[in-house]
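Student: Sharing a structure here in structure tokens format.
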């Protein structure tokens, strides 16, 4: 197992994945987090060098969080983040709190977290949740 990997979309394609949902829905929670990283300008130089076009397209609202995560082949690893952000990612995302926040915030009343709509409203809602967690983390 690669300890640099934060999340891998392939982990979600098991028997638990709902049949009635498009497979690309498994990318949404990852894309929302990466979208937050981009909007906060907390991505690494390596990420910018390799995925600069996607960053620009996302900033211009030309691609959705699902497309953003798909461009990473559904793998989030620590090389995507600035050094200063890595401890937060390790604690918040790697520790499972992000996924709990995502589910509690966006999939309440839905059949699963994979039923969440890829929308700017959902992104904006989660952006606030993640930002608040980040602020709390910075001051703790």
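The values are calculated or read from the model by the stated rules, or taken from the named source; none is laboratory data. The shown structure was predicted, so the numbers you read here are calculated from the model rather than taken from an experiment. Ideal geometry is used to build each Cβ from the backbone, glycine not excepted, and the neighbour counts take in all protein chains shown.
Student: I'd like the residue in segment 92-115 that is over 13 Å from the mean Cα position of the chain (by Cα) and assigned to a loop (DSSP other than H, G, I, E, B) and, out of all such residues, is nearest to residue 24 (Cα to Cα).
Tutor: 112
Student: Restricting to segment 33-49, name every residue that is in contact with a helix residue (DSSP H, G or I) (Cβ under 9 Å, 6 or more places away or on another chain) and either modelled with pLDDT under 95 or more than 15 Å from residue 131 (Cβ to Cβ) (or both).
Tutor: Of everything in segment 33-49, those that are in contact with a helix residue (DSSP H, G or I) (Cβ under 9 Å, 6 or more places away or on another chain) and either modelled with pLDDT under 95 or more than 15 Å from residue 131 (Cβ to Cβ) (or both) turn out to be 43, 44, 46, 47, 48.
Student: Continuing with the same structure: When both residues are 6+ apart or on different chains and their Cβ atoms are under 6 Å apart, which pairs have a first residue that lies in segment 124-140 and is under 16 Å from residue 103 (Cβ atoms), and a second that is modelled with pLDDT of 95 or more?
Tutor: 126/32; 129/101; 129/105; 130/36; 133/92
Student: Got a number for residues in segment 91-111 being without any contact (Cβ under 8 Å) to a residue 40 or more places away in the chain and under 17 Å from residue 133 (Cβ atoms)?
Tutor: 9
Student: Hey, does segment 14-31 have a residue that's in contact with a strand residue (DSSP E or B) (Cβ under 9 Å, 6 or more places away or on another chain) and either more than 19 Å from residue 130 (Cα to Cα) or free of Cβ contacts under 8 Å to residues at least 12 places away in the same chain (or both)?
Tutor: No, that holds for no residue.
Student: Restricting attention to segment 39-72, and to residues there that are part of a loop (DSSP other than H, G, I, E, B) and in contact (Cβ under 8 Å) with a residue 12 or more places away in the chain, which single residue is farthest from residue 113 (Cα to Cα)?
Tutor: The residue in question is 44.
Student: Report, by residue number, each residue of segment 15-74 that is surrounded by 13 or more Cβ atoms within 10 Å (Cβ to Cβ) and on the phi > 0 side of the Ramachandran plot.
Tutor: 74
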